[in-house]
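**Q** Please read through the structure below; I'll follow up with questions.
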Amino acid sequence: MVRDAYEQITRNATEVITDEELRELAESPEGKRAYVGYEPSGVLHLGHMLTANKLLDLQAAGMEVVILLADVHAYLNDKGTFEEIRETGERMREQFLAYGLDEDKTEFVYGSEFQLDEEYVLDLHQLELSTTLNRAQRAMAEIQSGDTAKVSHVVYPLMQALDIEYLDLDLAVGGLDQRKVHVLHREEIEGLGYESRPCIHTPILADLTTGVGKMSSSSGVTISMEDSTEDLEEKVNDAYCPPTRDPDPTDEGEERENPVLELFQYHVFPRFETVVIERPDEYGGDLEYDDYESLATDLEAGELHPADAKPALADYLDELIAPGREKIRERE
């Protein structure tokens, strides 16, 4: 399907800041630079791959992509020694390329390549002077490791705000949990004499087994490039997916999302033009979908049963992560 640049850039985004700036960027996207920063702290999982899908959209629109392998950030967030973090970073680099990013249009940068330079450190100190402690803590709250706030945790978001300038970017990309950091950048960076950049945020996937809260590799079940086909099938089979639309919240009043539908929407349909659900003839035969909305309508109406949708979802996800899984095996 041919999309205009604005539609390609904003597809499946939860929020853009600001729409006017994104439209201006979309008028001439060729050669413009967008980035996502990742802590090298483990194997790529569905959270990483969600923003990677957005990077694929940006490359399709003609933009260049910068992936910040944020080794200094990971160190500040207590994710290991620099040696351990950089080893993980190299593995992640290979997995991103295996996932489908264009190597010729993707630049990988370690934070330590520029974040320890004198000019950067002095700018960071200036940001520390202009940002309140409460503001920095709020920006970091959703992404810090551990329950105890440390001094490193309030420096972390200030560095993210500064990275956008030092990487010479036109667009910052992140999950919705990065929103406060990006707003901090937009509100504070001009005080250093720099220009703020537009931002785009991808959704946060629901917990796979309950549909409540966010999917997290640290506190729940997620799918990663480390998973075997059998592991993936088991996780998808156990995923929360009511046979029809579920309007009821949990006992605690929390709203449930359908993670199976979210995975179709944000992972499968962006990468496959057509999705085929295989079914026995006695249950109506195979179903073919050209768009997510039709599949979601059928599942929520009871025309498509979760028992048929889940095996198809597992097959498509397995196809997506298989190249990265092979890269992991080659390194072992």
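**Q** Considering only residues that are of a type in the set (D, E, K, R) and outside the structural domain of Met49 (by TED's automatic domain parsing), look in the stretch 172-221 and name the one that is surrounded by the most Cβ atoms within 10 Å (Cβ to Cβ).
**A** First, the residues of the stretch 172-221 that are of a type in the set (D, E, K, R): 177, 179-180, 186-188, 190, 195, 197, 207, 214.
Now restrict to residues that are outside the structural domain of Met49 (by TED's automatic domain parsing): 207, 214.
Details: Asp207: 20, Lys214: 18.
Filtering the stretch 172-221 for residues that are of a type in the set (D, E, K, R) and outside the structural domain of Met49 (by TED's automatic domain parsing), the one surrounded by the most Cβ atoms within 10 Å (Cβ to Cβ) comes out as Asp207.
**Q** Test each condition in (1) buried (at least 17 other Cβ atoms within 10 Å of the Cβ); (2) basic (Lys, Arg); (3) out of contact with any strand residue (DSSP E or B) (no Cβ under 8 Å at 6 or more places or on another chain) for Arg138 and report the one that comes out false.
**A** So Arg138 meets the others, but not (1).
**Q** Return only the number of the condition from (1) closer than 19 Å to Thr202 by Cα; (2) in contact with a Lys or Arg (Cβ under 6 Å, 6 or more places away or on another chain) that Asn12 does not satisfy.
**A** Failing condition for Asn12: (2).
**Q** Could you grab me the full set of residues in the stretch 266-290 that are under 26 Å from His45 (Cβ atoms) and out of contact with any Asp or Glu (no Cβ under 9 Å at 6 or more places or on another chain)?
**A** Answer for the stretch 266-290, where residues must be under 26 Å from His45 (Cβ atoms) and out of contact with any Asp or Glu (no Cβ under 9 Å at 6 or more places or on another chain): Tyr266, His267, Val268.
**Q** Every residue in the stretch 17-55 that is among the hydroxyl-bearing types (Ser, Thr, Tyr) and touching a residue at least 12 places away in the same chain (Cβ under 8 Å), please.
**A** Thr18, Tyr35, Tyr38, Ser41, Thr51
**Q** Only one residue in Glu103, Glu118, Glu83 is under 24 Å from Asp318 (Cα atoms), without any contact (Cβ under 8 Å) to a residue 12 or more places away in the chain and surrounded by fewer than 15 Cβ atoms within 10 Å (Cβ to Cβ). Which one? Full working, then the answer.
**A** Values: Glu118 fails: under 24 Å from Asp318 (Cα atoms); Glu83 fails: under 24 Å from Asp318 (Cα atoms).
Sole residue among the options that is under 24 Å from Asp318 (Cα atoms), without any contact (Cβ under 8 Å) to a residue 12 or more places away in the chain and surrounded by fewer than 15 Cβ atoms within 10 Å (Cβ to Cβ): Glu103.
**Q** Let me ask something additional. Within the stretch 59-69, does at least one residue satisfy the condition of being in contact with a Gly (Cβ under 9 Å, 6 or more places away or on another chain), buried (at least 19 other Cβ atoms within 10 Å of the Cβ) and modelled with pLDDT under 95?
**A** Looking for residues that are in contact with a Gly (Cβ under 9 Å, 6 or more places away or on another chain), buried (at least 19 other Cβ atoms within 10 Å of the Cβ) and modelled with pLDDT under 95, one finds none in the stretch 59-69, hence no.
**Q** Moving on to the next point. Give just the number: which of (1) in contact with a helix residue (DSSP H, G or I) (Cβ under 7 Å, 6 or more places away or on another chain); (2) under 22 Å from His48 (Cβ atoms); (3) part of a loop (DSSP other than H, G, I, E, B); (4) at pLDDT 95 or above does Ser196 not satisfy?
**A** Looking at each condition in turn, Ser196 falls short on (2).
The values are calculated or read from the model by the stated rules, or taken from the named source; none is laboratory data. None of the values given here were measured: they were computed from a predicted structure. All Cβ positions, even for glycine, are placed from backbone atoms using ideal geometry, and neighbour counts span all protein chains on display.
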